[in-house]
1. Mind checking which helices (runs of 4 or more DSSP H) fall wholly inside the stretch 125-233 and carry at least 1 residues that are within 14 Å of the chain's Cα centre (by Cα)?
2. Considering only the stretch 259-281, I want to know if a residue exists there that is under 17 Å from ASN151 (Cβ atoms) and modelled with pLDDT of 90 or more.
3. Tell me, yes or no, whether the stretch 108-123 has at least one residue that is part of a loop (DSSP other than H, G, I, E, B), modelled with pLDDT under 95, exposed (fewer than 15 other Cβ atoms within 10 Å of the Cβ) and not polar (S, T, N, Q).
4. Hey, can you tell me all the residues within the stretch 202-223 that are out of contact with any helix residue (DSSP H, G or I) (no Cβ under 8 Å at 6 or more places or on another chain), at negative phi and surrounded by 15 or more Cβ atoms within 10 Å (Cβ to Cβ)?
5. Return the pairs, sorted by first residue and then second, in which the second residue is assigned to a helix (DSSP H, G or I) and surrounded by 16 or more Cβ atoms within 10 Å (Cβ to Cβ), the first residue lies in the stretch 198-209 and is among the hydroxyl-bearing types (Ser, Thr, Tyr), the beta carbons are less than 7 Å apart, and the residues are 6+ apart or on different chains.
6. Among the residues that make up the stretch 20-34, is at least one of them β-branched (Val, Ile, Thr), at pLDDT 95 or above and touching a helix residue (DSSP H, G or I) at 6+ places or on another chain (Cβ under 9 Å)?
7. Assess whether GLU178 counts as being among the acidic types (Asp, Glu), touching a strand residue (DSSP E or B) at 6+ places or on another chain (Cβ under 9 Å) and without any contact (Cβ under 8 Å) to a residue 24 or more places away in the chain.
8. Mind listing whichever residues of the stretch 57-98 are touching an Asp or Glu at 6+ places or on another chain (Cβ under 7 Å) and over 25 Å from THR249 (Cβ atoms)?
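The values are calculated or read from the model by the stated rules, or taken from the named source; none is laboratory data. Just so it is clear, the structure is predicted and the values come from calculations on it, not from any experiment. Note: ideal-geometry Cβ built from the backbone for every residue, glycine included; neighbour counts use all protein chains shown.
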Amino acid sequence: MASPVTSPKIPAPKSQASSSDASLEGTALAPGVYIVGAGPGDPELLTVKAQRLLSQADVILYANSLVPQQILEWTRPDAERIGTATMTLESILPLMVERVRAGKSVIRLQSGDPSLYSAIHEQIQALAEAEVPFEVVPGISAYQAAAAKLNAELTIPGLVQSIILTRISGRTQVPEAEDLASLAAHKTSLCLYLSARHVEESQAQLLKHYEPDTPVAICFRVGWPDEQIVIVPLSEMAKTTRERDLIRTTLYVISPALRGQKARSRLYNPDHTHLFRPRGSTGFDSAQPPGFDSAQPPELDSVS
């Protein structure tokens, strides 16, 4: 079995006592490549670490079609900013290596979370081969931001306990064992990326297993000023996408969890005991608010 790709560790600056020190803004970063998740678009969804690194780095390489300008406001005024939307891997990699070998800190700013559909695998392999130190910093993915906007938990006890993150074949082919119809057979919460241009085929594959009235959240440019989120039955997914022209940067969340059914987990059930809540423990305050039914949680406002 192949081992994970590793690289020389980026040392912390000598002046850096703690990565959580709020006074670190402006502190020089050690030379290396920092592959940073920028989140779905909203600058307020940047992680604290991403903000700190952006405020310290010498060079920022970013996909200008996917990263809002507001996020770049965290960078130093004298930082070198390089948009990569028109560049290829063959031009991006030498640039990063050259800057690091010149003693500079480089951020490769990725939209969302670098672990999903980011093409960082080929980049970290090349950086490791060049013995260039690098670090990957996670970010919030669009499906997480979308679930928050929907006020939804995608793993409701007794209804659905799994989440599938996938896409349909396009320019990048999906392995045969991962075809959409096969994954749809599980009827889990399914988050469909990079598939809006093939929405008719996607809908047809999903309908092989999901009921036509299964709720689908069409999430267009989540976290951006022009964000749109609309919930429709699966049978209307393609029609709504085309009518509203929700093609670019669209995520679909297909899930029975969006039906708004009442459910209760065992985690906070009085009958459920564990190490921190042994039998007989009532917790901090056992009083229940008026009208609270321990068998059924209060109903939340539905998302329109």
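1. On the way: elements: 142-149, 180-184, 199-206.
Correct list: 142-149.
2. The answer is yes; a qualifying residue exists.
3. yes
4. To start, the set of residues in the stretch 202-223 that are out of contact with any helix residue (DSSP H, G or I) (no Cβ under 8 Å at 6 or more places or on another chain) comprises 204, 220-221.
Remaining after also requiring at negative phi: 204, 220.
Passing the criteria: only PHE220.
5. That search, which allows pairs on different chains as well, returns SER202/LEU180.
6. Filtering the stretch 20-34 down to residues β-branched (Val, Ile, Thr) leaves 27, 33.
This time we only want the ones that are at pLDDT 95 or above, so: 33.
Those left that are additionally touching a helix residue (DSSP H, G or I) at 6+ places or on another chain (Cβ under 9 Å): 33.
Within the stretch 20-34, one or more residues are β-branched (Val, Ile, Thr), at pLDDT 95 or above and touching a helix residue (DSSP H, G or I) at 6+ places or on another chain (Cβ under 9 Å).
7. Values: among the acidic types (Asp, Glu): yes; touching a strand residue (DSSP E or B) at 6+ places or on another chain (Cβ under 9 Å): yes; without any contact (Cβ under 8 Å) to a residue 24 or more places away in the chain: yes.
Yes, satisfied.
8. Answer for the stretch 57-98, where residues must be touching an Asp or Glu at 6+ places or on another chain (Cβ under 7 Å) and over 25 Å from THR249 (Cβ atoms): ASP58, VAL59, ALA79, GLU80.
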